[in-house]
Amino acid sequence: MKPEFQALNVRPLQRGARVRTPRRESERLTPGSPAIQLMTDFSIVPAATTAANVSAEEADRSMAQRGVRSLIVLSEAGQVAGLITAAEVMGEAPLKVALARQVRHDEVLVADVMIAVGDIDVISYDVMKTARIGDVIETLRRAGRQHALVAEAGPQGDEVRGILSLSRIASELGIVIETLPVAHTFAEVEAALVR
């Protein structure tokens, strides 16, 4: 029986070889550059995900290992249940949950501190096709968020196509971008006024 595959021809690497670096269409990105250039596209790069029943500490370790600052939370059925970011994991929420439930900090789950699917705003992939980086920066600044999901219409409803990260945008542009925390509910407004 003849083997299905064949070994490839190889050769020695030449002395003085260099590592190829990525080429950009333009030398430097600017706020006027197409925003889609900075979207992590899940049709190319697999999404960083976690489950709602994972501990918040485990999610934090997973983010660190993957070099990301957010994870999409999936239900057992594989549907988006929420979004967990380093801000939720490292913020006050896990401590408040632990105190309220009288549990150890390592017993706080992703589900306890994630941004629930109903509270996630998305940018349409069709809008992204013509958006500029500056538009994304302004959108995230106004929302007081570090990340934005990009959704595309699929045969069964929304499909999360990608994610935008303010820290990645700032890094690529070589600038500092500050956001102000924005209250999204009356309870958050009331808590901000009490401080």
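The values are calculated or read from the model by the stated rules, or taken from the named source; none is laboratory data. Not measured: the values here are computed from a predicted model. Positions of Cβ are backbone-derived with ideal geometry, glycine not excepted, and every protein chain shown enters the neighbour counts. Only protein heavy atoms, including side chains, enter the accessible area calculation; ligands, DNA and RNA are left aside. Shrake-Rupley method; radii C 1.70, N 1.55, O 1.52, S 1.80 Å.
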Heavy-atom accessible area ranking, 1.4 Å probe, most first, across Asp106, Asp158: Asp158, Asp106
Can you list the residues, at least 5 places off or on another chain, whose amide H is less than 5 Å from the amide H of Phe42, using H built in the peptide plane? Gly162, Ile163
Mind grabbing the accessible area of Thr49 for me, 1.4 Å probe, Å², rounded to tens? 50 Å²
Amide H neighbours of Ala151 under 5 Å, counting only residues 5+ apart in sequence or on other chains, H built in-plane at 1.01 Å? Ile123, Ser124, Tyr125, Arg161
Mind jotting down the distance between the C-alpha centroids of segment 124-153 and segment 24-75, whole Å? 14 Å
Per residue value of the accessible surface for the chain (all protein chains in place, 1.4 Å probe), Å²: 72 Å²
Quick one: grab the alpha carbon gyration tensor of segment 71-178, order the square roots of its eigenvalues as a ≥ b ≥ c, and give me rounded if a/c is under 1.5, else prolate or oblate depending on whether a/b is larger than b/c. oblate
Of all DSSP beta bridges located in the chain, what percent are antiparallel, nearest 5? 75 percent
Label Arg66 and Glu4 with points 7 Å out from Cα along Cα→Cβ: what is the distance between them in nm? 3.1 nm
Pseudo-spin-label distance Lys96 to Arg20, built 7 Å along Cα→Cβ, given in nm, is 5.0 nm
For the chain, give the percent of accessible area contributed by carbon and sulfur heavy atoms, probe 1.4 Å, rounded to a whole number. 53 percent
So, taking all protein chains as they sit and a 1.4 Å probe, how much accessible area belongs to Ser124, in Å² rounded to tens? 50 Å²
Note, ³J(HN,Hα) from phi for segment 81-88, Karplus 6.51, -1.76, 1.60, rounded to Hz, x at Gly and Pro: 9, x, 9, 10, 10, 4, 5, 5
Check: the chain dipole with +1 on Lys, Arg Cβ and -1 on Asp, Glu Cβ, in debye: 1220 debye
When the Karplus curve 6.51 cos²θ - 1.76 cosθ + 1.60 is applied with θ = phi - 60°, which whole-Hz ³J(HN,Hα) does each residue of segment 151-163 get, with x for Gly and Pro? 10, 10, 5, x, x, 10, x, 4, 10, 6, 8, x, 9
Kindly provide the GluC sites (Glu not before Pro) of segment 1-73 that DSSP labels as loop, not H, G, I, E or B, and whose Cβ sees at most 14 other Cβ atoms within 10 Å. Glu4, Glu25, Glu27
Mean shadow of segment 124-178, computed from the convex hull of its alpha carbons, in nm²? 3.8 nm²
DSSP-loop trypsin sites (Lys or Arg not before Pro) across segment 81-134, with at most 10 other Cβ within 10 angstrom: Arg104, Lys129
Nearest 500 deg cm²/dmol is fine: what mean residue ellipticity at 222 nm does the chain get from its DSSP H runs of n ≥ 4 alone, each adding -39,500 (n - 2.57), divided by its residue count? -8000 deg cm²/dmol
